[in-house]
1. Using a cut-off of 27 Å between alpha-carbon atoms, which lysines can reach Lys185, once sequence neighbours fewer than 8 places away in the same chain are excluded?
2. Does anyone have the angle between helix 296-306 and the longest principal axis of the chain? Alpha-carbon axes, 0 to 90°, nearest 10?
3. If you take every DSSP beta bridge fully contained in the stretch 118-261, what fraction is antiparallel? Give it as a percent rounded to 5.
4. Which of His139, His168 has the fewest other C-beta atoms within 10 Å, and how do the rest follow up to the most?
5. In the chain, what percentage of the DSSP-assigned beta bridges are antiparallel, given to the nearest 5?
6. If you project the alpha carbons of the chain onto their three principal axes, what span does each projection cover, largest first, in Å?
7. Which lysines does Lys158 reach when only Cα atoms under 17 Å apart count, and residues fewer than 8 places away in its own chain are ignored?
8. Using unit Cβ charges (K, R positive; D, E negative) and no other charged atoms, how large, in debye to the nearest 20, is the dipole of the chain about its Cα centre?
Amino acid sequence: MMNRCIFSGFPLDPADHFRADATWISARLAHDSSRFLLYGRGRPLMDISEGLRPAYRSTAEVQDITGGHWDQLDWTFIGLDGDAAIFAIVLNQKLELSGHEKFIDLRSIAVQVSAEGFSAIPSLLGRGKMLLDWNGRRHFCSCCGHKTRTENGGYVRKCTNEACAAEHFPRTDPVVIMLVLQGDKCLLGRGVGWPEGNYSALAGFMEPGETIEEATRREVLEEAGVTVGEVTYIKSQPWPFPSSLMIGVQAKALTTDITTDTKELEDARWFDKAELRQIFETGGDDTFRIPPEIAIARHLLEEWLQEG
Ligand SMILES: [Zn+2]
């Protein structure tokens, strides 16, 4: 069975049948059972007393801090935990923090919690971050320049200019990341400016109108000069920096000569499966650092190494 990537495994009921109802959302924003994830400068507020957990605030506490002026704040409904509504909100006001609370950047949270196995916490926090980032960048309509207001619990922004009334939806930017294979060898590259020894799967943003297969073939040809045939989907990973979806594939190489695009890659090489197995067993070194646990590239490599 394949391991789940960190930032996947959303643990709540997204309740999309409720969140379009503004009356329901208003009632939840005022309800005692609701809880708020707090974000300051994009970093979630965490309770560090026992492992890492979100330091939720109650409705009353958030009302106290903000005055409850919801139309002036960036917030979003995240989902239902049983009957309790969970919201995420940006708070840049000075907050009274207890000694065991801290704003921590999401990448560090993901590294720390994934060291103890799979956890759904990064998925929860990642969704909040993606929606809040998007809301924060869409205060004005990209069609007419008028102000927008939040709707559907933070999943839509509607233009307040009645003549325009455009609706804007959260965006996800798909990235293809590919393990290019040729028999018992795989192609890995090192980006320009990466530390010595850091190799990973090639990757790139998809372009409008492309299929996953077409994007994979274009990227590998552009970056490494290798022609790719069959492309097989393996797994995907939400990547909230700021709003990507990593689409992990295996790609069969039809050619082996490498011509690197030096604007993108400092180096690209074929690595032997037996050699990589050895490196993974010993934990890597300065000549080859294994991609971190939170990266889908690590999963693609490990799962290929486990194949026959
Ligand atoms: Zn507009």
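Read-outs throughout are calculated quantities, based only on the coordinates presented, and are distinct from any laboratory measurement. Every value quoted in this text rests on a predicted model; they were computed, and no experiment measured them. Neighbour counts run over all protein chains shown; Cβ positions are idealised from the backbone, glycine included.
1. Lys235, Lys252, Lys263, Lys273
2. Tilt relative to the chain: about 40 degrees.
3. The antiparallel fraction comes to roughly 75 percent.
4. Numbers: His139 12, His168 18.
Arranged by neighbour count, lowest to highest, His139, His168 become His139, His168.
5. 75 percent
6. 62, 51, 34
7. Lys147
8. Values: 32 positive and 45 negative charges, 163 e Å.
I would put it at about 780 debye.
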